[in-house]
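Structure, as structure tokens:
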């Protein structure tokens, strides 16, 4: 697992990176997200990045942030995959053992 920290103030925004591109994301009619043939834990927030019943491919310049400790977390299940070039401030990616 990788973690993204994206802030000029350390530890202000930390999200685990579930998947680096390329990958495919689909949204089922019940709000479940399928990421490369694996269902993600359902978020308490409604997905906004893709229409129900559709799929979208994302290239190598994207990553999918997934914070599973809080069901109402603002992560990629809500706002969609993040394009690496759009991250401002300090950006660190590192591998963890969990």
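The values are calculated or read from the model by the stated rules, or taken from the named source; none is laboratory data. On a predicted model such as this, the values are computed, not experimentally measured, just so you know. Backbone-built Cβ (ideal geometry, glycine too); neighbour counts: all protein chains shown.
Tabulated results
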{"quantity": "Filter result (under 15 Å from residue 17 (Cβ atoms) and surrounded by fewer than 18 Cβ atoms within 10 Å (Cβ to Cβ)) within the stretch 39-72", "calculated": "60, 61, 68, 69"}
{"quantity": "Residue in the stretch 74-83 that is at pLDDT 85 or above, assigned to a strand (DSSP E or B), loosely packed, with under 11 Cβ neighbours inside 10 Å and touching a strand residue (DSSP E or B) at 6+ places or on another chain (Cβ under 8 Å) present", "calculated": "no"}
{"quantity": "Selection count, the stretch 26-38, where residues are part of a strand (DSSP E or B) and either surrounded by 14 or more Cβ atoms within 10 Å (Cβ to Cβ) or touching a strand residue (DSSP E or B) at 6+ places or on another chain (Cβ under 8 Å) (or both)", "calculated": "5"}
